[in-house]
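J.: Below is a structure I'd like to ask you about.
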Amino acid sequence: MPRDINVIIEHRVDGLWKLVLPMLKNNFFNHKRPKENWLSDSMYIDEYYPELFYSEYSPEIWELFGVAGKYSKNTRPLPDDCCEEIKNFYKSFGNEAFDEHWLTCIDFLANVKKYRSTSKEACHLALRLKELGDPNKMRLILWFSQ
């Protein structure tokens, strides 16, 4: 069964974690029939969601995010202090979210440097991350879903 990854980037501002990328309007959200936004007993469509930093199927790239293989046991619960937008987006996945993890952007960049010669995509992600802000003040929050 395929797995989707949701990687969101946040940065620390005045002691609080905030999204780096904007919230996006969900075109599938049904204003006229709100009950239709529920996909199951626990999963629902929210009106807005955070723009993802990364969402492709690539176990090789996933390792750069600290995921040890396709079926990783290398998990870390979402940080209690992550921003509300991430918490709400995560909740919308209900029972479909699993293998939660997070890492600092400095750790991500160290992983990219370690494997630099093997992936242009990794170098592109590292460059994009640096363009978004100070890696010392940012972290990546991620989880998988079906």
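The values are calculated or read from the model by the stated rules, or taken from the named source; none is laboratory data. Here the structure is a predicted model, which is why all the values come from computation and not from measurement. As a convention, Cβ positions derive from the backbone with ideal geometry for all residues, glycine included, and neighbour counts pool all protein chains shown. What goes into the accessible areas is simple: the full protein's heavy atoms, side chains included, and nothing from ligands, DNA or RNA. Shrake-Rupley method; radii C 1.70, N 1.55, O 1.52, S 1.80 Å.
J.: Out of every Cα-Cα pair in the chain, what percent are more than 27 Å apart?
T.: Value for the chain: 22 percent of Cα pairs lie more than 27 Å apart.
J.: Another question, then. Determine the relative contact order of the range 1-128: mean sequence separation of Cα pairs under 8 Å and six or more apart, normalised by residue count, in whole percent.
T.: Dividing the mean separation by the residue count of the range 1-128 yields 25 percent.
J.: Mind listing the long-range amide H neighbours of residue 53? Cut-off is under 5 Å, sequence gap 5 or more, other chains count too, H placed in the peptide plane at 1.01 Å from N.
T.: 7, 8, 9
J.: Step through the residues of the range 33-50 one at a time and calculate ³J(HN,Hα) from phi using the Karplus curve (6.51 cos²θ - 1.76 cosθ + 1.60, θ = phi - 60°), rounding each to whole Hz and writing x for Gly and Pro.
T.: With the stated coefficients, the range 33-50 comes to 10, x, 5, 6, 6, 8, 8, 7, 5, 10, 10, 9, 9, 9, 5, 10, 8, x Hz.
J.: Among 130, 91, 114, determine the one that fluctuates most according to a GNM of the chain built with springs between C-alpha atoms less than 10 Å apart.
T.: 114
J.: Would you be so kind as to identify which of 79, 145, 135 lies farthest towards the positive end of the dipole of the chain, taking Lys and Arg as +1 and Asp and Glu as -1 on Cβ and the Cα centre as origin?
T.: Checked the options; the winner is 135.
J.: Could you report the chain's accessible area per residue, 1.4 Å probe, as an integer in Å²?
T.: The answer is 60 Å² per residue.
J.: To test your reading of the geometry: what angle, between 0 and 90 degrees and rounded to tens, separates the Cα axis of helix 105-114 from the longest principal axis of the chain?
T.: That works out to roughly 50 degrees.
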